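**Q** Quick one: the structure is below, questions incoming.
The values are calculated or read from the model by the stated rules, or taken from the named source; none is laboratory data. Quick caveat: nothing in here was measured; it's all calculated off a predicted structure. Cβ placement follows ideal geometry from the backbone for every residue including glycine, while neighbour counts extend to all protein chains displayed. Side chains included, ligands, DNA and RNA excluded: accessible areas come from the protein's heavy atoms. Shrake-Rupley method; radii C 1.70, N 1.55, O 1.52, S 1.80 Å.
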Amino acid sequence: MSNDVAEGRLGILYLSQYFFPESFLGNDVARALVARSHDLVAVSSVPNYPEGKFFSGFSNKLRRIEHWHGIKIIRAWTVRRGNSRVRLLINYLVYPFAASWEILRLGGRGIDVSFVFMPSPIFQGLAGIFAKHVFGIPTVFWVQDIWPDSAVVTLNIKSRIINSILNAFCSYIYRSADLLMVQSNAFIPRLEQLGVERSKITVVPNMAPTGFDRVTREDVDPAVRMLVPTDKFVVMFAGNIGASQDFDTILEAASILKSNENIIWVILGSGRDEDRVRKVIENLDLGRHVLLLGRHPIELMPHFFSCADVLLLSLKANELFDMTVPSKLQSYLACGQPLVGSLGGEGARIILESGAGISVPPSDPSRLAAAVVSLSHLSKEELSQMGRNGYRYAKNNYDSDLIFDSIENLLFKVVENCRAHEAQGSLDD
């Protein structure tokens, strides 16, 4: 371990398949830690999320090492996600081995702790475990999705034998961490079922990306304003277009409201389900009612959100998704716009608790359509009040500086505990 810990400076090994230029909250955490004078090296994949192909200018030969905001980025050899479940599984499995090779090449000198940003897949944690076993580096996971539950849903796994194997494997990974930070209180009972000690679990919620705040309609970028209709009631979805986001419910709700020419659904983003969604839009004759605008830079999202009358969150009906707080929820709240949710559990609770909008049970297109109509009948002041409620809730619960403080303090605590354990071991010898 480095000698800088006593001086308030950590050497941090950041591990995740996903990193800049892909848009994930972990990017902001890494930048914040560097801004607080910590040294950080990130080992990630060659960027290929969510479309499944390498970003322009990147490959397994190009830009494998670069620097960004004081962070050294090492991109491990990657099999791109592609458009099939087989390729996705291979993509998941390759990273921990390729990342471990890069960790071995780095050596452990100057690294005090590894920090694993862990949306799906859980296999990313194996790289942190490797660093722990080989170099004695303690590891912290920030768990965004619960496995094996997420894999069972995503891959539609039915076999009891495979489920049992996955449960045992995921239990090993989670139990191997020195600390598990979870984005939702609802994760805790499930992790305890998997054998994790309660004392090793703490809640650290997500926050909106840096720069997400309210933008007045007068200040909206003109290029954005040209893309979003101004003469309609705009229901806007932003994010990944995937199976989990339940676009069948969204599109069926849009179909129910086809006769209402005042309402338009605007979709920002891309993903594995995009081609199928386009075909459904065509088959349901929704071309005039659902507008697909594709991906846009993350810094323009607050401008897009300002053009919406309500922002939409949706997740399929599933116990796993009920435990999850979609990361876009904090982004929506921070931008001060009213919300409509088609989801259950923690996400629905936050929408209602904040007073930021309406939430209906997931996978119920009739009730989603009714909620949108109800919101469209509200006055501008009533909608604005919902937006203000959400903005205030975000400031009180998801302030980024408070969350960065919490993460930093937890990393220090893990390192100090590790050193104390090593010192005790030396005394016992």
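**Q** The range 292-365: Rg/Rh from Cα coordinates, Kirkwood Rh?
**A** We get a ratio of 0.97 for the range 292-365.
**Q** Right, another one. Per residue, how large is the accessible surface of the chain? Use a 1.4 angstrom probe and give square angstrom.
**A** 43
**Q** Can you pull the semi-axes for the range 239-293, root of five times each eigenvalue of the Cα gyration tensor, sorted largest first, whole Å?
**A** With the √(5λ) rule applied to the range 239-293, the semi-axes are 18, 11, 10 Å.
**Q** What angle do you read, to the nearest 10 degrees and between 0 and 90, between the alpha-carbon axis of helix 365-376 and the longest principal axis of the chain?
**A** Approximately 70 degrees, to the nearest ten.
**Q** Against the globular-protein guess of 2.2 N^0.38 Å, express the Cα radius of gyration of the range 372-426 as a ratio, rounded to two decimals.
**A** 2.20
**Q** Assuming 0.36 nm per residue, please report the length gained on full extension of the stretch Glu299 to Ile256 beyond their Cα-Cα distance.
**A** Result: 12.2 nm gained on full extension.
**Q** Sticking with this structure for a sec: With a sphere of radius 15 Å drawn around the Cβ of Asp401, what net charge do the other residues whose Cβ falls strictly inside it have (Lys, Arg +1; Asp, Glu -1)?
**A** -2
**Q** How much of the accessible area of the chain, probe 1.4 Å, is carbon plus sulfur, in whole percent?
**A** 51
**Q** So for the range 90-156, Kirkwood radius off the Cα pairs, Stokes-Einstein at 10 °C and 1.306 mPa s: how many µm² s⁻¹?
**A** For the chosen part, D equals 127 µm²/s.
**Q** Give me the distance in nm between label points sitting 7 Å out from Cα along the Cα-to-Cβ direction at Asn163 and Arg419, one decimal.
**A** A separation of 4.6 nm, rounded to one decimal place.
**Q** Follow-up. How many percent of all Cα-Cα pairs in the range 1-75 sit more than 18 Å apart?
**A** 40
**Q** What is the Rg over Rh value, at two decimals, for the range 31-72, using alpha-carbon atoms and the Kirkwood definition of Rh?
**A** Dividing the radius of gyration by the Kirkwood radius yields 1.05.
**Q** Can you quote the Å³ per residue value for the convex hull of the Cα atoms in the range 114-153, rounded to an integer?
**A** Dividing the Cα hull volume of the range 114-153 by its residues yields 49 Å³.
**Q** FRET efficiency for Phe412 and Lys380, Cβ-Cβ distance as r, R0 = 56 Å, nearest 0.05?
**A** 0.75
**Q** Can you work out D for the range 207-306 in µm² s⁻¹ from Stokes-Einstein, where Rh is the Kirkwood radius over C-alpha pairs, the temperature is 20 °C and the viscosity is 1.002 mPa s?
**A** 149
**Q** With N denoting the number of residues in the range 1-150, provide Rg(C-alpha) divided by 2.2 N^0.38 Å, to two decimal places.
**A** For the range 1-150, the normalised Cα radius of gyration comes out at 1.00.
**Q** Let me ask something additional. Do me a favour and compute the ellipsoid semi-axes for the chain from its Cα gyration tensor, root of five times each eigenvalue, largest one first, whole Å.
**A** Three semi-axes, in Å: 38, 23, 21.
**Q** If you don't mind, there's one more thing I want to ask. Per DSSP helix of 4 or more residues, -39500 (n - 2.57); summed, then divided by the residues of the chain. What does that give at 222 nm, rounded to the nearest 500?
**A** -13500 deg cm²/dmol
**Q** Another one. Given 0.36 nm per residue, what is the gain on full extension from Ser37 to Tyr172 after removing their alpha carbon distance, in nm?
**A** That works out to 45.3 nm of additional length.
**Q** Compute the acute angle (0 to 90°) between the alpha-carbon long axis of helix 25-35 and the principal axis of greatest extent of the alpha-carbon atoms of the chain; round to the nearest 10°.
**A** 50
**Q** Another question about this same structure. Over all directions, the average projected area of the alpha-carbon convex hull for the range 274-323 comes to how many nm²?
**A** Taking the Cα atoms of the range 274-323, their convex hull projects to 5.3 nm² on average.
**Q** Using only alpha-carbon positions, what ratio does the radius of gyration of the range 81-224 give when scaled by 2.2 N^0.38 Å?
**A** 1.24
**Q** Where does helix 380-397 land angle-wise versus the long Cα axis of the chain, in degrees 0 to 90, nearest 10?
**A** Long axis of 380-397 versus the principal axis of the chain: about 10 degrees.
**Q** How large is log10 I(q)/I(0) at q = 0.12, 0.18, 0.22 Å⁻¹ when the Debye formula is applied to the Cα atoms of the range 289-429, each weighted equally and without solvent?
**A** After summing over all Cα pairs, the log10 values are -0.58, -1.06, -1.39.
**Q** Return the equivalent ellipsoid semi-axes of the range 330-392 as a descending list in whole Å, where each equals the square root of 5 times an eigenvalue of the C-alpha gyration tensor.
**A** Its equivalent ellipsoid spans semi-axes of 18, 15, 7 Å.
**Q** Ok, one more. Using 0.36 nm times the number of residues separating Glu319 and Thr210, minus their current alpha carbon distance, what extension gain do you get?
**A** Between Glu319 and Thr210, full extension yields an extra 36.2 nm.
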